[in-house]
Amino acid sequence: MTTSTGTLYVVATPIGNLQDMTPRALEVLRSVALIAAEDTRHSARLMQHFGIATPMTACHDHNERDKGERLVARLLAGDDLALISDAGTPLISDPGYHLVRQAREAGIRISPLPGACALIAALSAAGLPSDRFAFEGFLPAKSHGRRQRLESLASEPRTWMVYEAPHRLLECLDDMHDILGPQRQVTLARELTKTFETLRCAPIAELAGWVRADSDQQRGECVLVVEGAPAPAAEAVSAESLRVLEVLLQELPVKQAAQLAAQITGERKNQLYQLALQRGKSAE
Ligand code: SAM
C-alpha cells in the first residue's frame, strides 16, 4: 500500500490586527495534524482567540535543522503540517527557511497561504516607486556594520526597505543622514495595522528631526522604506560613451551592453548600467 505524502502549508499570520487572519489560514490551521510555530507560547494566544486546538511544536532558529528532519518524516508519512512565525509571513526575517528547504529536497508539496507582511504593507502605502524594490532585512545592530551596509546601499537605484528595532531607529536615521545625505525621501511605517499606526514620508533630515522630537515615534515596530539613489544624469558620461552604449544596447541585454561599453570607454560600469536601464524605460 502506498501512502501519499502530506503538504507543508506556510501560513502568514497578522502583524498586529487579528482581523487580518484569512479564513483560509484558519481552515488550514484547524485541519493540519501539527503546527510548527516559532514560539508556541506566543502563538497560543492566537490559537486561543480563534478557538484552534491543533497541537503545536516549536520550530525556531536554534532547533530548526534537527526539528526539520523530524517534521519532514511526518510529512513523508502523510501528515499535513503548517508553519507559522510569531507575526507576518514565515521566512521573512523569521525562521522557516531550513524546514522549507528540507521539505523541498524531500519532494514534499509546499503551499503558501499569503497574508500580512510588514515590508509589503509598508511599501504599498509609502508613496515611493514600487515597480522594482529590494528588501535588506535588519541592518547590523552596531553602528560600524550598519554604516558599511548603508554605504553599499547608497547607490542602489531601487526603493529599498529595512526592518529596524525601535531603540535603534534614531541612530539608524542619523547614519542614513550621514551616508545617503539629508534629501533622500524615507517613509517610516510604524505600528502597521495597530491602534497607533503611523506612516510618514519626508527627506531624511526632516524625518530624523521629527522622530527625535517625539519619543512616541521611537516605540513600537517599524519599517523604513528608502527612496532609491537618483539615476545619474546622461551628461555624467561623454557623448561618445553614450553612443557606444546605445549601439551595444541594440544587440545585447542591458547588463552585457553596460559591461562591454565600460570596457570600451573606461566609464564606470554601474553608471552605464543605470543609464541603460533609463534608456530601456523611456523606450517602453
Ligand atoms: N515575518 C514578519 C513579516 O512578515 O513582516 C517580520 C518579522 S521580523 C522578526 C519583525 C520586524 O518586522 C519588526 O522588528 C519590524 O521591523 C517589522 N514589523 C513587524 N510587524 C510590524 C508592524 N505591525 N508595523 C511595522 N513593522 C512591523
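Remarks
- Extension gain (nm, one decimal) between GLN250 and ALA213, 0.36 nm per residue minus Cα-Cα: 8.0 nm
- With kT/(6 pi eta Rh) evaluated at 37 °C and eta = 0.692 mPa s, and Rh the Kirkwood radius from Cα pairs, segment 119-226 diffuses with a coefficient of 241 µm²/s according to Stokes-Einstein.
- Gain upon complete extension [ASN17, ARG104; 0.36 nm per residue less C-alpha separation]: 28.2 nm
- Contact order relative to length of segment 212-280, as percent, for alpha carbon pairs under 8 angstrom and 6 or more apart: 30 percent
- One compactness figure for segment 163-274 is 1.51, namely its Cα radius of gyration divided by 2.2 N^0.38 Å.
- What you get for segment 239-278, charging only the Cβ of Lys and Arg (+1) and of Asp and Glu (-1), is a dipole of about 140 debye around the Cα centre.
- Cα long-axis angle, helix 169-180 against the chain (0 to 90 degrees, to the nearest 10): 30 degrees
- 10 Å binning of all Cα-Cα separations within segment 1-138, expressed as whole percents from 0 upward: 12, 42, 32, 12, 2, 0
- The C-alpha atoms of the chain define a longest principal axis, and helix 143-153 lies at about 60 degrees to it.
- Heavy-atom accessible area per residue - segment 7-116, 1.4 Å, Å²: 50 Å²
- Whole-number accessible area per residue in Å² for segment 151-284, which is evaluated in the context of all protein chains at 1.4 Å: 52 Å²
- Dividing the Cα radius of gyration of the chain by its Kirkwood radius returns 1.07 for Rg/Rh.
- The mean sequence separation of alpha-carbon pairs under 8 Å and at least six residues apart, normalised by the residue count of segment 119-226, gives a relative contact order of 33 percent.
- Carbon plus sulfur fraction of accessible area for segment 164-247, probe 1.4 Å, in percent: 51 percent
- Taking TRP160, TRP210 and ordering them by how much accessible surface each has at a 1.4 Å probe, largest first, produces TRP210, TRP160.
- In segment 1-146, Cα pairs under 8 Å separated by at least six residues give a relative contact order of 35 percent.
- Segment 210-284 and segment 59-94: distance between their alpha carbon centers, rounded to Å: 39 Å
- Surface composition of segment 1-141: carbon plus sulfur atoms contribute 50% of the solvent-accessible area (1.4 Å probe, protein chains only, all chains present).
- Nitroxide proxy distance, nm - points 7 Å out along Cα→Cβ at ALA44 and HIS144: 4.2 nm
- In plain terms, if you count all Cα to Cα distances in segment 239-278 and split them into 10 Å steps from zero, the share in each step is 39, 60, 1 percent.
The values are calculated or read from the model by the stated rules, or taken from the named source; none is laboratory data. Since we're looking at a predicted model, the values are computed, not measured. Positions of Cβ are generated from backbone atoms using ideal geometry, with glycine treated the same way; all protein chains shown enter the neighbour counts. We work out accessible area using only protein heavy atoms, side chains counted, and drop any ligands, DNA or RNA first. Shrake-Rupley method; radii C 1.70, N 1.55, O 1.52, S 1.80 Å.
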